[in-house]
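Contents: one structure, followed by commentary.
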Ligand code: ZN
C-alpha cells in the first residue's frame, strides 16, 4: 500500500480545487490498472492563517508503487502549480505501507492539524524522520496539509462522505445549471442519511457552491450510497466526472475541550460558562453576548449569516448555563452551536401586598418593601417565574452557515437533547 497526501492546490482566480486534483491523480493511477481504495478529503483547522478556501487536504490510498504514485502526483500538481495564483503553495507527501499503520507522530500531526497550528519546519522534520518522499512548490506550505492527510486515516475515527460532481471544463466560471426543486426532493428523500444539502429555512441549495471552479455540487452524509442516490436524482447540466470522498467533515474534529479563562485566538473550543452579559444586536445584525466562568469572561457572537440561529441566541438570559462551541478570534468566540444546560427561569420583581394586592413600595435603602395601605412588609424583592422560549439541549447554526468541519446535530452522539436545523 501507498499513501499519497496532497494539499494547497486551490486557486481563487482560476477556481482550481484540491479535490479535483486528487481525483485527477486517482484517475491517472486507475487508468494504468492500479487500484485506488479510497480518497480522503481532510478539513484542517479552519482558523489557520494563510488558509486556502476551506483548508482541505487530500489523501489517495492506492496499491501503486511509491515511485509511480509520486511521479503521477508530481506531474498533475506541477501542471497546476505553474499556472495557479501566487497564493497557492502545493505540496505532496508519499508514504509506504498501510494508512492505518503510520507512526504515532504522524497520526498526532494529523489530529493537531485539525485543531491547532503546524509550521513547515514541523512537517519537514516528521517527513524526514518517517523517511517519506515529499515535494513542496513555491514556499512549500502545502507539505503541512499533505502530511496531515497521510496521517488522517489513523488520526481520525469519525468519518462521513461527500459525493462531489464536477462540471465540464468549458463551463467553469459560468453560472451553474442545477434544478433546485430536484435538489430539495432528493435531499428530503434521504434526510438524515444526507445532511447540509439544502437549507430549508432559507430555501437555498447549499450543496451548490457559488465560487468559480470545477465543482458542480457536493452531497454530504453518513451513507455513501445515499449521497450517490441524491446525486442521481438531481437534474442539472451534464456532469463531467464525480467521486465519493471519505471525509472528516461534519465531525467537530476542530473542537477541543477548554475553559473560558484559557481560550486563545486561532483555536476552536467547547467551553462551559454562564451568560454574564445579555445578548445585544449590533450594527450589521450580529448578535453578541458574554459568558463567564469563575476565572474569566469571553464574548460570543452569532453573525448575520447565521440568520435564524440569532433568534435562539437573543433568547438567552443572564444566568443561563451553557456549553458554547466555536473558533476564537480577536477575543470573540464565533458560535457554531451551543447547549443550554440550565435556564434562569426567575426574575426579581417588586412584591405585591398579600392582603390587598397592591404593589408595595420601597421602605428605604436596604429596608425591604411595605404596603402603605395595610402596613404589611417584606424583606426584599419577590421571585417571579418567567416563560422561556428555549429548551434544555443543543442548538446550532443552519446548514447555510455551517463550517465544513462542524458536526450537524442530526448526526447524533451529543450529550443532551438536540434541536437540529434542517
Ligand atoms: Zn396592602
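Tabulated data
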| quantity | calculated |
| --- | --- |
| Ordering of 372-378, 250-256 by packing [mean C-beta count within 10 Å, highest first] | 250-256, 372-378 |
| Tail fraction, Cα-Cα pairs, region 346-385, threshold 12 Å, whole percent | 51 percent |
| Kirkwood Rh in Å, taken over all unlike Cα pairs in region 93-134 | 10.7 Å |
| Residue among 334, 307, 381 with the largest mean-square fluctuation in a Gaussian network model of the chain, springs linking Cα atoms under 10 Å | 381 |
| Alpha carbon convex hull of region 255-389, projected area averaged over orientations, nm² | 10.5 nm² |
| Kirkwood estimate for region 247-314, i.e. one over the average of 1/r between Cα atoms, Å | 13.3 Å |
| Over the chain, relative contact order from alpha-carbon pairs under 8 Å, at least 6 apart, % | 14 percent |
| Residue of 308, 108, 370 that the Gaussian network model of the chain assigns the largest fluctuation, springs spanning Cα pairs under 10 Å | 370 |
| Taking the convex hull of Cα positions in region 345-422, its mean projected area over all directions (nm²) | 8.9 nm² |
| Estimated D of region 287-361 in µm² per second, where Rh is the Kirkwood radius over Cα pairs and Stokes-Einstein applies at 4 °C, 1.567 mPa s | 89 µm²/s |
| log10 of Debye I(q)/I(0), alpha-carbon scatterers only, for region 160-247 at 0.12, 0.20, 0.24 Å⁻¹ | -0.30, -0.86, -1.21 |
| Size-normalised alpha-carbon gyration radius of region 117-186, reference 2.2 N^0.38 Å | 1.70 |
| Dimensionless Rg over Rh [the chain; C-alpha; Kirkwood] | 1.10 |
| Neighbour-count ranking [beta-carbon atoms within 10 angstrom, fewest first] of 127, 92, 80 | 80, 127, 92 |
| Taking 294, 275 and counting other C-beta atoms within 10 Å, the order from fewest to most | 294, 275 |
| Highest average packing first - 411-420, 276-285, 95-104, Cβ atoms within 10 Å | 95-104, 411-420, 276-285 |
| Degrees, to the nearest 10: 142-155 long Cα axis against longest axis of the chain | 70 degrees |
| Cα-based Rg / Dmax (Å) for region 2-155 | 13.7, 40 |
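Each reported figure results from applying straightforward, stated rules to the coordinates on display, with no laboratory input. Keep in mind that this is a model prediction, so the values were computed, not measured. Cβ: placed from backbone, ideal geometry, glycine included. Neighbour counts: every protein chain shown.
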